[in-house]
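Let me begin by presenting the structure, written as structure tokens, before commenting on it.
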Amino acid sequence: MAQASYPHSSLGSETKTAGNDIADKASDMANKASDMANKAGRSMMEGADSTMRNLAAQGSEATERVQEVAGNLKGALDKSVREQPMATLVVAAAMGFVIGALWKS
């Protein structure tokens, strides 16, 4: 029986070339994805750092304002004790009663 002979084709080399092209494109896509992830990570860290600086500045400003209010309250309380000691005592007792009632519930 005679064997059929097939002419040699370049199909094998074309398949290898196509496989290499796909691998190269996949590698390029992976590199681009990695670059994008790195950029996004840096952007997030910069944003978080900026947010933390803003929060620290706002906290510092709030602290200063609370201290100012406390100073004003102390001045008003001192004046009230000197000018109207009985009224100040009644207000303090009423505030104590309200705070105690809230604490209990």
- Taking the condition modelled with pLDDT of 90 or more, part of a helix (DSSP H, G or I) and of a type in the set (Ser, Thr, Tyr), does residue 63 pass? yes
- Note on the structure: Checked 57, 2, 70 against criteria (at pLDDT 85 or above, over 22 Å from the mean Cα position of the chain (by Cα) and among the small types (Gly, Ala, Ser)); the one match is 70
- Pairing a residue in the stretch 52-80 that is free of Cβ contacts under 8 Å to residues at least 24 places away in the same chain with any residue that is surrounded by 10 or more Cβ atoms within 10 Å (Cβ to Cβ), where Cβ atoms lie under 9 Å and the two sit 6 or more apart in sequence or on different chains, gives 77/88; 80/87; 80/88; 80/91
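The values are calculated or read from the model by the stated rules, or taken from the named source; none is laboratory data. Just so we're clear, the structure is a prediction, and the values are computed from it rather than from any experiment. Cβ: placed from backbone, ideal geometry, glycine included. Neighbour counts: every protein chain shown.
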